[in-house]
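Visitor: Sharing a structure, written as structure tokens. Questions coming.
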Amino acid sequence: MQLKAMELQGYRNYDSVKLTTEGGVNIFIGPNAQGKTNLLEAIHVLSLTKSHRTSKDKELIGWDRGAAVIRAEMTRRMGDVSLELQLSAQGKKAKINGLEQRKLSTFVGTLNVVLFAPEDLDIVKGAPGVRRRFMDMEIGQVHPGYLYDMQQYQKILQQRNNYLKSTDIRRASPEMLDVWNEQLARTGVKMMQKRKNFIVQLQKWAEKIHAGITGGTEHLAVEYKPSFGTADSMGDQDQSSLFGQFMIKLTQSKEQEFRRGTTLAGPHRDDLGFAINGKDVQSFGSQGQQRTAALSLKLAELELMHEEIGEYPLLLLDDVLSELDQTRQTQLIETFQSRVQTFITTTGLESVNMSRLKDASLFHVRDGQLLR
Ligand SMILES: Nc1ncnc2c1ncn2[C@@H]1O[C@H](COP(=O)(O)OP(=O)(O)OP(=O)(O)O)[C@@H](O)[C@H]1O
């Protein structure tokens, strides 16, 4: 798929800007704090209706504006599509080809993206939240229903946590807790199964790509680690037995949960594990191995999405090339070159291996203005 044109109004530091983009590589260059990441973020928001940097939509609206609008013209395999997303204090309004969508879930995933930012290089070693976000962003685009389940889950979790915090176990209503447990487990199980399936699919690509980058010397394994039980034991289970396990876990943790005022099991505590040649990368991997594993995962994400939707998503590289050495940079560039429309932000071209990039379009970014 390809983004052909984009327009931003009142989005962060963009008052009003239009740009046309090329099918290959588009580079946004400029000093710090000029609006480069804001541009990639806008493309990401148009894909998922959510920012990768903040959960507060208000932050996306220009400080002196009441609303932000992102418009785009794009080409997909099935034809041309125009997208519009409006953000205001009243919420979000989304249009596809001028038609307002009653549900945001029908809008999500019309434009698909894979975003690679420096914090993704921490995906192996960083906090579990980074790994959960990685799963959620990809699954959400390909299975929009997942985002709905996720929202529901967050809502129930919040209410349940508030209750655990504000109530003493001796005065707690068992009926009330039962209702929340059931709702939490019902939506949680759906998320867990989608995460498990996603990781199984991703593993196939990641393993192959990682072996390619390391000349066949390293075998990368990615494992979904649910907050209770194991991914293997989830293998043949239907939703009802997983639901039963979740309910038991919640009942068993009741005393501890009241003591700590928080829910201790569920998808909000899931994680991923990585092993190279059978050894845990989080504990034993070198920094180089961790970075290569992160790169393999991102490239696997591109291939998996291609497999699932039949075309390549857009690749957004936010200041990440300068973080990769020449070998890994070359690997990345050669993967997307001529197949994937790519958007790169950078403060300077000296850190980018330009000799490998064919026909890149360059945009200078200065204080919310673009100059081609
Ligand atoms: N809601 C907003 N309204 C107006 N301006 C905003 C808003 N949010 C952020 N900004 C401005 O956007 C600029 C930051 O833009 P951005 O994060 O895209 O920087 P960047 O060019 O990617 O820089 P770096 O190279 O440091 O990552 C800052 O000047 C900030 O003040």
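Visitor: Looking at this structure, is V320 within 15 Å of the ligand (Cβ to nearest atom), touching a strand residue (DSSP E or B) at 6+ places or on another chain (Cβ under 9 Å), outside the structural domain of T292 (by TED's automatic domain parsing) and not acidic (D, E)?
Guide: yes
Visitor: Hey, among the residues in region 338-362 that are among the aliphatic types (A, V, I, L, M) and either out of contact with any Gly (no Cβ under 9 Å at 6 or more places or on another chain) or within 14 Å of L314 (Cα to Cα) (or both), which one's surrounded by the most Cβ atoms within 10 Å (Cβ to Cβ)?
Guide: This residue is I344.
Visitor: Based on what the data block shows, is G273 within 27 Å of the chain's Cα centre (by Cα) and at pLDDT below 90?
Guide: No.
Visitor: Within region 208-220, which residues are at pLDDT 90 or above and either crowded, with 17+ Cβ neighbours inside 10 Å or polar (S, T, N, Q) (or both)?
Guide: Of everything in region 208-220, those that are at pLDDT 90 or above and either crowded, with 17+ Cβ neighbours inside 10 Å or polar (S, T, N, Q) (or both) turn out to be I209, H210, T217, E218, L220.
Visitor: Sort through T327, T335 and tell me the only one that's surrounded by 15 or more Cβ atoms within 10 Å (Cβ to Cβ), modelled with pLDDT under 85, over 24 Å from G35 (Cβ atoms) and away from the ligand (no atom under 16 Å from the Cβ).
Guide: Every option except T335 fails the conditions.
Visitor: Against the conditions (1) among the hydrophobic types (A, V, I, L, M, F, W, C); (2) part of a helix (DSSP H, G or I); (3) loosely packed, with under 15 Cβ neighbours inside 10 Å, where does I169 fall short? Just the number, please.
Guide: (2)
Visitor: Take the conditions out of contact with any Pro (no Cβ under 6 Å at 6 or more places or on another chain), of a type in the set (S, T, Y), surrounded by fewer than 20 Cβ atoms within 10 Å (Cβ to Cβ) and in contact (Cβ under 8 Å) with a residue 40 or more places away in the chain and apply them to Y153. Does it pass?
Guide: no
Visitor: Hey, another quick one. Name the residue, out of T20, T75, that is surrounded by fewer than 19 Cβ atoms within 10 Å (Cβ to Cβ), closer than 28 Å to S351 by Cβ and hydroxyl-bearing (S, T, Y).
Guide: Answer to the selection: T20.
Visitor: Just for region 349-372: of the residues that are closer than 21 Å to E323 by Cα and assigned to a loop (DSSP other than H, G, I, E, B), which one is nearest to the ligand (Cβ to nearest atom)?
Guide: In this case the residue turns out to be V352.
The values are calculated or read from the model by the stated rules, or taken from the named source; none is laboratory data. Just so it is clear, the structure is predicted and the values come from calculations on it, not from any experiment. Cβ atoms come from the backbone with ideal geometry, glycine included; neighbour counts cover every protein chain shown.
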